[in-house]
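The structure appears below as structure tokens.
The values are calculated or read from the model by the stated rules, or taken from the named source; none is laboratory data. Being a predicted model, the structure only gives us computed values, none of them experimental. Heads up, the Cβs are rebuilt from the backbone with ideal geometry, glycines too, and the neighbour counts pull from every protein chain shown.
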Amino acid sequence: MTRDTLIILLLAVGTMVSGTIAANVVQERKPKKVMRVKRPEFSEKDWDGIYFKDLFKEGLVGSRPARRQPGDIATQPAQATQADLQSGDPKDGEFAWSKFVSGATIEDEVKSIQKQLVLDVTTPIKFKSDYGSAHQSFSILSLLFGIIREYDADVRWKRYASEAQISFERAAANSRVGTVQAYESCKRRLADLDEMVRGGNFEAGETPPETLDWSAVVTRAPIMKRLQVSKDSLKLGSANQGEFTNGIDKALHESEIVAAMARTLMQENMEDADDPGYLSFAQAMSDAAIQARQACQNQDYDAAAKAINLIDQTCNNCHDEWK
């Protein structure tokens with residue numbers, strides 16, 4: 001046997017022995033232990049605000065609706081007449097806000113604004129660029145809680161309406177600028193709002209006035225911005241029968257918002273509320289919004305489209321007159 005042949009034979013034997021050893025090592029390895037997923041843990045805050053703590057106290061507002069029979073046509077709650085709906089005369093010394101906007105619509109609007117504020121009041125840097133949006137939100141919150149304070153029926157958060165209204169009024173005033181101080185003020189008011197919406201208390205920052213001065217509660221500019229949102233939504237939702245049917249709840253909501261905004265513009269001390277011409281436009285818008293609401297409740301597309309068109313015309317005529 002030559003030297004080269006011996007070397008090749010030794011290399012071959014070494015390779016076979018190495019492979020055998022490696023195979024034995026692989027066989028001797030223990031399988032990797034798989035850990036189970038840890039059981040999740042929850043705390044009360046994880047579901048706080050999602051479910052009612054007391055359904056009958058927090059979730060049910062107003063009287064039980066009348067029992068309907070098959071074939072009945074939807075009618076205006078409490079069988080109010082058209083004259084009653086459009087007058088808004090005081091009821092037992094209170095303005096009858098319930099004739100223009102329901103408690104459910106107010107609650108939904110407050111929650112919608114809360115979600116927007118969560119996006120706007122995040123950091124001082126973002127607030128500095130978006131404080132105008134926060135000002136709009138707090139202005140409408142001040143308006144809504146002014147309505148809640150004067151509401152002539154059961155409505156959610158009425159217990160804290162006076163304290164909440166003045167607090168949001170101050171937040172709206174502070175958020176006219178994008179300073180760090182304004183951000184901190186708005187952040188505190190947002191925390192108060194979150195707590196109240198979840199069913200907690202509203203901590204009063206100051207003593208509210210005994211009576212509302214609507215010119216201090218909200219200015220006309222935020223109302224006009226919110227009306228534009230409602231107009232655009234209503235026009236889109238009444239473009240055809242299908243859009244109306246699919247978005248009837250949204251149309252009902254926006255119709256009531258328009259009615260409430262129009263009535264706010266007519267409140268004592270509001271800008272130009274002492275001018276008969278201006279009041280006539282606001283009254284016409286309120287009347288058209290009530291007609292739109294009734295049409296939505298009756299699922300009457302033609303009547304709704306006509307009333308929504310009238311809202312738009314009234315608004316345009318008012319702008320032409322009051323530029």
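Tell me, which residue of segment 279-311 that is within 16 Å of Ala260 (Cα to Cα) and out of contact with any helix residue (DSSP H, G or I) (no Cβ under 6 Å at 6 or more places or on another chain) is surrounded by the most Cβ atoms within 10 Å (Cβ to Cβ)? Among those that are within 16 Å of Ala260 (Cα to Cα) and out of contact with any helix residue (DSSP H, G or I) (no Cβ under 6 Å at 6 or more places or on another chain), it is Gln294. Among the residues making up segment 148-166, those that are of a type in the set (Gly, Ala, Ser) and either closer than 15 Å to Thr211 by Cα or modelled with pLDDT of 95 or more (or both) are Ala161, Ser162, Ala164. The set of residues in segment 118-135 being crowded, with 22+ Cβ neighbours inside 10 Å and among the aliphatic types (A, V, I, L, M) consists of Val121, Ala134. For beta carbons closer than 6 Å, sequence separation of 6+ or different chains, a first residue in segment 195-220 that is over 24 Å from Thr264 (Cα atoms) and a second that is at pLDDT 90 or above and of a type in the set (Val, Ile, Thr), there are no qualifying pairs.
Regarding segment 236-244, can at least one residue be identified that is closer than 15 Å to Tyr160 by Cα, without any contact (Cβ under 8 Å) to a residue 60 or more places away in the chain and in contact with a helix residue (DSSP H, G or I) (Cβ under 6 Å, 6 or more places away or on another chain)? No, every residue in segment 236-244 fails to be closer than 15 Å to Tyr160 by Cα, without any contact (Cβ under 8 Å) to a residue 60 or more places away in the chain and in contact with a helix residue (DSSP H, G or I) (Cβ under 6 Å, 6 or more places away or on another chain). Suppose we keep only residues that are among the polar types (S, T, N, Q) and within 20 Å of Asp108 (Cα to Cα) within segment 124-166. Which one would you say is nearest to the chain's Cα centre (by Cα)? Among them, the one singled out is Ser137.
May I ask you to list pairs of residues, at least six apart or on different chains, whose Cβ atoms are under 6 Å apart, with the first in segment 261-280 being in the same structural domain as Ile223 (by TED's automatic domain parsing) and the second being surrounded by 18 or more Cβ atoms within 10 Å (Cβ to Cβ) and among the polar types (S, T, N, Q)? Every condition considered, the pairs that remain are Ala262/Ser286; Arg263/Ser286. Every test in (1) outside any loop (DSSP other than H, G, I, E, B); (2) of a type in the set (Val, Ile, Thr); (3) more than 17 Å from the chain's Cα centre (by Cα) is passed by Val258 save one, and that test is (3). The criterion of being over 20 Å from the mean Cα position of the chain (by Cα) and of a type in the set (D, E, K, R) does not hold for Asp194.
For segment 136-235, the helices (runs of 4 or more DSSP H) that sit wholly inside it and include 2 or more residues that are surrounded by fewer than 19 Cβ atoms within 10 Å (Cβ to Cβ) and β-branched (Val, Ile, Thr) are 180-197. Among residues that are assigned by TED's automatic domain parsing to the domain that holds Glu150, touching a residue at least 24 places away in the same chain (Cβ under 8 Å) and either buried (at least 20 other Cβ atoms within 10 Å of the Cβ) or closer than 25 Å to Ala104 by Cα (or both), Leu252 is not included.
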